[in-house]
Amino acid sequence: MEGDEAMSSFKITFIGAGSIGFTRGLLRDLLAVPEFGRIEVAFTDINPRNLEMVTALCQRDIEANGLPIRIQSTTDRREALKDAKYVICTIRVGGLEAFAADVDIPLKYGVDQCVGDTLCAGGIMYGQRGIAEMLNICRDIRECAAEDALLLNYANPMAMLTWACNQYGGVRTIGLCHGVQHGHFQIAEALGLKREEVDIICAGINHQTWYISVKHKGEDMTGRLLEAFERHEGFSRTEKVRIDMLRRFGYYSTESNGHLSEYLPWYRKRPEEIQDWIDTGSWINGETGGYLRVCTEGRNWFETDFPNWMKDPANEFKPELRSHEHGSYIIEGLETGRVYRGHFNVVNNGIISNLPDDAVIEAPGYADANGISMPVVGELPLGPAAVCNASISVQRLAVEAAVRGDDLLLRQAMLMDPLVGAVCNPKEVWQMTDELLVAQEQWLPQYAGAIAAAKKRLAEGPLLPTREGYKGAVRLKVKTVEEMRQDREAANRNAGESDKGKERV
């Protein structure tokens, strides 16, 4: 690189920039690329206070690293998107208030979720709120951003949102997740190897992606995984669901114990058995409402402790400190021509031959000067494909429901969801959906008529009995700020991580 001639010049816009973990971490990753020292950066969020805090923190990081970039920070999304070549989206429509309804209302009906942001009742409702807003974002990108801007979506439910943007939003959209990288590390550790010594091919759908090839020096290690995980002191305790799926389907799956347990009909349907499959050492191992708890704690801590964050050392923009998030590496590949291999969420179109073409799948891909290339994977093993296809049917119903504002399709998505269907009968699903629609009315403009009818039904009754006050299998209390102060380092880590599931013991 010689002087400014080698510097890339483009604009990148962060939507949902008030998300401290993702925004600050992804900006660090991007600005660790030497050629990106003069790019344009815009932040936008609907929460002015969060936007102000995150902008101040990130601008401080930029200045500490001696870069001339001045963040454009605005609550006007269209202004932030003007001429943007890349858009990174990390929104959570409805915030923690809607998230609480996603978890608490299904719990009354016996649907015990750890996360509730991808499938199950919570993920389906999160998709209804998110898709409506993502289509508005796509409109603004089409009208304000650079021609053929690329949308990198980090928001959940990943597959549903990415599906809607590509099919109905008219914007080239790729979904990005870190599940494949984490599972890769686990496989290597279980085998007693370094990550770089293990080559993997992982394919499926987001959060249900399968390591269909695991090789060490050309030797297939897939058949050794079950024994390796069963004898691992930590994983044998914390990943019981994933190990059981490996035992019964023959392949390891990307997502954490808590996540995976709520996508399937077998592990959380009987309250007395849930604790057999989870571990309370970390929320991500299966705690009821665990992700809602840590997100609530993280928000409360950041808002309280922010002045101290400004006094802490700034982030350093160094290549060796980059995370394993795909976003910055994709942009680096596209802009510099360096080849990056990752796992991306894209419309299938034949990449995985025994999954539907319209579905959003997760598979190996390459980013370089030629663009983003997705090699053909071929067929998934029949068992894993069946698991994915069950989820894809739910996703398709949920996407179409959100786009059309069709509450019958929404109810059918709930009925077809593996865990909801294992726990609830049809009448319970209908009443639970009524409750969810009414509780989230302000974020569901497409359902105005359906919500009015649901309100009437709930008011007139008769209503089915529910388990009011039920706390689920293992629900922990949200820590107070005072309690978090006792370990500020842990509180900072929780509030500042884009992935709140790194510590799993």
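Here is how the numbers come out for the structure above:
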quantity	calculated
Gain upon complete extension [ARG237, LEU67; 0.36 nm per residue less C-alpha separation]	56.6 nm
Alpha-carbon Debye profile of the chain, log10 I(q)/I(0) at 0.06, 0.13 Å⁻¹	-0.26, -1.37
P(r), alpha carbons of region 262-352 - 10 Å bins starting at zero, rounded %	12, 20, 26, 30, 12, 0
Other-chain or far-sequence residues with amide H under 5 Å of SER73's (modelled H)	PHE43
Region 12-65: C-alpha gyration tensor shape, a/c 1.5 cut-off, then a/b vs b/c	prolate
Computed magnitude of the charge dipole of region 383-505 (debye, nearest 20; Cβ of K, R +1, Cβ of D, E -1)	200 debye
Hull-based mean projected area of region 145-185, where the convex hull spans the alpha carbons, in square nanometres	3.4 nm²
Carbon and sulfur %, accessible surface of the chain computed with the full protein complex present, 1.4 Å	48 percent
Ordering of 350-358, 216-224, 394-402 by packing [mean C-beta count within 10 Å, highest first]	394-402, 350-358, 216-224
Computed [θ] at 222 nm, deg cm²/dmol, the chain (DSSP H ≥ 4; -39,500 (n - 2.57); rounded to nearest 500)	-14500 deg cm²/dmol
Partners for LYS217 among lysines (Cα-Cα distance below 21 Å; same-chain residues under 8 apart left out)	LYS194
Residues with amide H under 5 Å from that of PHE344, placed H, sequence gap 5 or more	ALA363, GLY365
Over region 107-208: Rg over Rh, Cα atoms, Kirkwood Rh	1.09
Principal axes of region 323-383: Cα extent on each, largest first, Å	38, 24, 16
Selection from VAL403, ALA422, ILE141, by position along the positive dipole direction of the chain (Cβ)	ALA422
For q = 0.23 Å⁻¹, Debye-computed log10 I/I(0) when each Cα of region 36-89 counts as one equal scatterer	-0.94
Potential extension, VAL478-ASN349 segment - 0.36 nm per residue separation minus Cα distance	42.1 nm
Gyration tensor (alpha-carbon) shape descriptor, region 190-330, a/c threshold 1.5	oblate
Aspartates and glutamates whose Cα lies under 16 Å from that of LYS479, excluding same-chain neighbours fewer than 8 positions away	GLU287, GLU297, GLU303, ASP305, ASP487, GLU489
Once the Cα gyration tensor of region 332-476 is diagonalised, semi-axes √(5λ) in Å	39, 18, 15
P(r) weight above 19 Å for region 37-180, C-alpha pairs, percent	58 percent
Separation of the PHE10 and GLU219 label points, Cα + 7 Å toward Cβ, nm	4.2 nm
Inter-site label distance for ARG270 and LYS427 at 7 Å from Cα along Cβ, in nm	2.5 nm
For THR209, distant residues with modelled amide H under 5 Å away	THR254, GLU255
Entries in LYS269/LYS477; LYS108/LYS427; LYS215/LYS240; LYS108/LYS455; LYS240/LYS427 that, when Cα-Cα distance is taken, lie over 26 Å	LYS240/LYS427
For region 387-461, the spread of Cα positions along each principal axis, largest first, Å	38, 26, 15
Solvent exposure of the chain as accessible area per residue, Å², 1.4 Å probe	40 Å²
Assigned charges on the beta-carbon of Lys, Arg, Asp, Glu; region 224-351 dipole about Cα centre (debye)	420 debye
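The values are calculated or read from the model by the stated rules, or taken from the named source; none is laboratory data. Nothing here was measured: the structure is a model prediction, and the numbers come from that model. Note that each Cβ is placed from the backbone with ideal geometry, even for glycine, and that neighbours are counted across all protein chains shown. Accessible surface is based on the protein model in full, side chains and every heavy atom, while ligands, DNA and RNA are left aside. Shrake-Rupley method; radii C 1.70, N 1.55, O 1.52, S 1.80 Å.
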